[in-house]
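Report on the structure given below.
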Amino acid sequence: MSVELPAPIAGYFNADKTEDAYTVSLQFTEHAIVRDEGHAYTGRKAIRQWKSASTAKYTYAVEPFAISEDAGLTTVSAHLSGNFPGSPGDLRYRFELEGEKISGLEIVA
């Protein structure tokens, strides 16, 4: 990664590279919420299902290139390339952290 990320966020991106939905879900608190593509997924089980479905649907690579913090949120800008509509492109990952876990994630264009 080209930017230094807080441990929970680095853990998310590292787990995402493995394509293992269970490992990705462990980066989140038990009741975390992920918002992606107009849907919300609440709790680790739903997050596992979201990640499993997106991994089955798309093949992609993510490279974070910028990070900022504002009002308790950490936003990571990342370049994505793969077999999804609009590829390649840049997305913003808005993380809310709770201790060493992610309690919220919103992925937006």
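Values for this structure:
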quantity	calculated
Relative contact order of the chain, defined on C-alpha pairs under 8 angstrom at six or more residues apart (%)	26 percent
Candidates H31, H39, H79: whichever shows maximal mean-square fluctuation once the chain is modelled as a Gaussian network with Cα springs under 10 Å	H39
Proximal charge balance of G89 [Cβ under 15 Å; K/R count +1, D/E count -1]	-3
Under 15 Å, Cβ to Cβ, from A56 - net charge with Lys/Arg +1 and Asp/Glu -1	-2
Region 30-81: GluC sites (Glu not before Pro) falling in loop per DSSP and having at most 10 other Cβ within 10 Å	E37
The chain - convex hull of the alpha-carbon atoms, volume per residue in Å³	92 Å³
Radius 9 Å from Cβ of A32, net charge of other residues (Lys, Arg +1; Asp, Glu -1)	-1
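Any read-out appearing in this document is the output of simple, stated calculations on the displayed coordinates, not a laboratory observation. Since we're looking at a predicted model, the values are computed, not measured. Quick reminder, even Gly has a Cβ in these numbers, built from the backbone with ideal geometry, and neighbours come from all protein chains shown.
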